[in-house]
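The values are calculated or read from the model by the stated rules, or taken from the named source; none is laboratory data. Fair warning: this is a prediction, and the values are worked out from it, not measured in the lab. We place every Cβ from the backbone using ideal geometry, glycine too, and count neighbours over all the protein chains shown.
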Amino acid sequence: MSQTSLETPADLLRFQLRTAVTMEEDSLAALGELAAAAQSSEVKKLFRHHADETREQMENLSAVFRVLELPESTAPSPSTKGISKQAGSLLARSAAPLRDQVALSCALGNEHYEISAYESLIIAVEAMGHDEAMALLRENLDQETHTSEELRTRLQAMA
């Protein structure tokens, strides 16, 4: 389903929801790459755990489409493509002992983008009175916020 113009809050919500699906697909792919680049088993485990959470978040997004009675589809997410490209570039130049720190730092940037995306979606569904959709999106936001805090804690330990 193509959306060439956004004219109403409902149009914007649908488009942002579609880009959120792509965002999570991109995140899942990036987590695999970050886990492969990581040196320590603890950091690899963190990325694998967040990949499992990302799959849950994708299921929640599918449920939001159903609750809102919208056909599930995707839309491009150039931001997450750029974040992944930046991560790949930084990892390619990083010495092996620095890769965990670089991978965690890149993942933190991605988490902040995802937090922002979910906050915008929550505001929109709340304004429209979609409590069930709001609860699903809050669940995703809570996971993203927790992951962000976990990444920050690990990075601070490495500094």
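Under 8 Å by Cβ, and 6 or more places apart or on different chains, what pairs join a residue from the range 83-112 that is touching a residue at least 60 places away in the same chain (Cβ under 8 Å) with one that is of a type in the set (D, E, K, R)?
Leu104/Arg154
Can you report the number of residues in the range 1-46 which are touching an Asp or Glu at 6+ places or on another chain (Cβ under 6 Å) and of a type in the set (Gly, Ala, Ser)?
2
Considering only residues that are over 17 Å from the mean Cα position of the chain (by Cα) and in contact (Cβ under 8 Å) with a residue 12 or more places away in the chain, look in the range 116-132 and name the one that is surrounded by the fewest Cβ atoms within 10 Å (Cβ to Cβ).
This residue is Ala127.
Name every residue in the range 60-69 that is over 16 Å from Glu114 (Cα atoms) and either surrounded by fewer than 17 Cβ atoms within 10 Å (Cβ to Cβ) or touching a residue at least 60 places away in the same chain (Cβ under 8 Å) (or both), in order of residue number.
Taking the range 60-69 and keeping what is over 16 Å from Glu114 (Cα atoms), we get 62-69.
The answer is Ser62, Ala63, Val64, Arg66, Val67, Leu68, Glu69.
Test Pro78 against the criterion of being under 17 Å from the mean Cα position of the chain (by Cα), closer than 19 Å to Glu24 by Cα and either touching a residue at least 60 places away in the same chain (Cβ under 8 Å) or surrounded by fewer than 16 Cβ atoms within 10 Å (Cβ to Cβ) (or both), and give yes or no.
For Pro78, the condition - under 17 Å from the mean Cα position of the chain (by Cα), closer than 19 Å to Glu24 by Cα and either touching a residue at least 60 places away in the same chain (Cβ under 8 Å) or surrounded by fewer than 16 Cβ atoms within 10 Å (Cβ to Cβ) (or both) - is met.
When you check Gln101 against the structure, is it among the polar types (S, T, N, Q), farther than 20 Å from Thr22 by Cβ, at pLDDT 95 or above and buried (at least 16 other Cβ atoms within 10 Å of the Cβ), yes or no?
Taking the combined requirement at face value, the residue satisfies it.
Quick check on Glu72: is it among the acidic types (Asp, Glu), under 30 Å from Ala10 (Cα atoms) and either in contact with a helix residue (DSSP H, G or I) (Cβ under 9 Å, 6 or more places away or on another chain) or crowded, with 19+ Cβ neighbours inside 10 Å (or both)?
Values: among the acidic types (Asp, Glu): yes; under 30 Å from Ala10 (Cα atoms): yes; either in contact with a helix residue (DSSP H, G or I) (Cβ under 9 Å, 6 or more places away or on another chain) or crowded, with 19+ Cβ neighbours inside 10 Å (or both): yes.
Against the criterion (among the acidic types (Asp, Glu), under 30 Å from Ala10 (Cα atoms) and either in contact with a helix residue (DSSP H, G or I) (Cβ under 9 Å, 6 or more places away or on another chain) or crowded, with 19+ Cβ neighbours inside 10 Å (or both)), Glu72 qualifies.
Select from the range 30-47 the residues that are part of a helix (DSSP H, G or I) and surrounded by fewer than 14 Cβ atoms within 10 Å (Cβ to Cβ) and list them in ascending order.
If the condition is that a residue be part of a helix (DSSP H, G or I) and surrounded by fewer than 14 Cβ atoms within 10 Å (Cβ to Cβ), then Gly32, Ala36, Ser41, Glu42, Lys45 are the ones that fit.
State all residues of the range 1-51 that are over 14 Å from the mean Cα position of the chain (by Cα) and acidic (Asp, Glu); if no residue qualifies, say none.
Glu7, Asp11, Glu33, Glu42
What's the number of the only condition in (1) under 17 Å from Ala30 (Cβ atoms); (2) buried (at least 18 other Cβ atoms within 10 Å of the Cβ) that Gly109 fails to meet?
Among (1) under 17 Å from Ala30 (Cβ atoms); (2) buried (at least 18 other Cβ atoms within 10 Å of the Cβ), the lone unmet condition for Gly109 is (2).
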